[in-house]
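Worksheet: the structure to be examined is printed underneath.
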There are 2 protein chains.
Amino acid sequence: MKDASKFKWPKGLKRTKTRESVLSVLEVSKSPLSAREIYSEIERMGESIWLSTVYRALDAFVEAGLVTKTSVLDNEITLYDLKQSGHKHYAVCVGCHKIIPMLNCPMDDFKPKLLKEEFQITGHKVEVYGYCTECKEL
Amino acid sequence: MKDASKFKWPKGLKRTKTRESVLSVLEVSKSPLSAREIYSEIERMGESIWLSTVYRALDAFVEAGLVTKTSVLDNEITLYDLKQSGHKHYAVCVGCHKIIPMLNCPMDDFKPKLLKEEFQITGHKVEVYGYCTECKEL
DNA sequence: AGTGTAGTTGCGAATCAATTGCATTTAACA
DNA sequence: TGTTAAATGCAATTGATTCGCAACTACACT
């Protein structure tokens, strides 16, 4: 009884064993994972997969809107996370790289609250994505 | 009359020609640059430098607190910027990768304003850095 | 000014995440 | 069940960043 996936499978994507493995690892994880972590976890489960396949699966999920790709700590780590996890922002410990979901979003009155955790803030970063005047008209 | 550098040279760092080149390129630029862009700019000025030297110079400046390293677009680009530039946050065009400094900061009432530029926001990212409970006590 | 030396650079090679090419396999649907 | 576009195994490549080491140089001290 493994397939407890509660996500509608994105149409256009074939439902394969490797993709289900990748998705299930993300589902079980409480925080975002790197491609390599996902790969290792799948291997540890006794299944065989290639790292390149993990990357391709993740790309497909990102494109399908099921997974979010984030980078953290200015390039040290690239992480993937299920979009449905609810939270979009994280507090990152510069000591141990632990990733703690924030309970609120800076878009609405910014006062970082953290999930049962004290956190000594030393810095923050905000990025806004979108289209500039020129690119908007293309 | 090239050395118009208005920055106090960080003590502990030798003042060399390559480092002055790197710093002057950053000074002239109105937006953050990648290591490769800095490298190309220096070559274009007719001076010879190695990319690895640019990286080392940037590392030294970052360590000295003179330069800021940021990543943008979820790891697609790593950029360097003079800390004194004043602004800390950017709007990044996902079309052309143009980087536009924001006039305000999300820490105080978040409503992104941009410098003479319309910008169609499609997403945003916030990261908070610091120490978690465990790391704080070390 | 001359010199010792720790810090820097030139240069190439190495590393490491991520991507790609291609032949083979497989899920999905007529 | 057969066809086929999509996905995977696997190897090789790319591209950014780092590293090793010998040669060089800024700068502190006579």
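Distances in nm, one decimal, shortest first, from A:E43 to the same residue in every other copy, taking the label point 7 angstrom along Cα→Cβ.
Here the equivalent label points are 3.7 nm apart from this one.
I'd like the accessible area for B:T78: 1.4 Å probe, protein heavy atoms, all chains in place, Å² to the nearest 10.
The accessible area comes out at roughly 40 Å².
List the distances, in nm and shortest first, from the label point of A:F7 to the matching label points in every other copy, placing each point 7 Å from Cα along the Cα-to-Cβ direction.
4.2
Over the heavy atoms of A:E76, what accessible area does a 1.4 Å probe trace out, to the nearest 10 Å²?
120 Å²
From Cα pairs below 8 angstrom and at least 6 apart in sequence, can you work out the relative contact order of the stretch A:1-86, rounded to a whole percent?
It comes to 28 percent, rounded to a whole number.
Kindly give the distances from A:G65 to its copy-mates, label point to label point, with each label point 7 Å from Cα along Cα→Cβ, as nm values to one decimal ordered shortest first.
Nearest first, the other copies' label points are 4.7 nm away.
May I ask which of A:K83/B:K98; A:K69/B:K8; B:K8/B:K125; A:K11/A:K69; B:K11/B:K125; A:K30/B:K125 have a Cα-Cα span longer than 29 Å here?
A:K69/B:K8; B:K8/B:K125; B:K11/B:K125
The values are calculated or read from the model by the stated rules, or taken from the named source; none is laboratory data. Every value quoted in this text rests on a predicted model; they were computed, and no experiment measured them. Please note: Cβ atoms are built from the backbone with ideal geometry, for glycine as well, and neighbour counts cover all protein chains shown. For the accessible areas, the whole protein counts, side chains as well, though only heavy atoms, and no ligand, DNA or RNA atoms are used. Shrake-Rupley method; radii C 1.70, N 1.55, O 1.52, S 1.80 Å.
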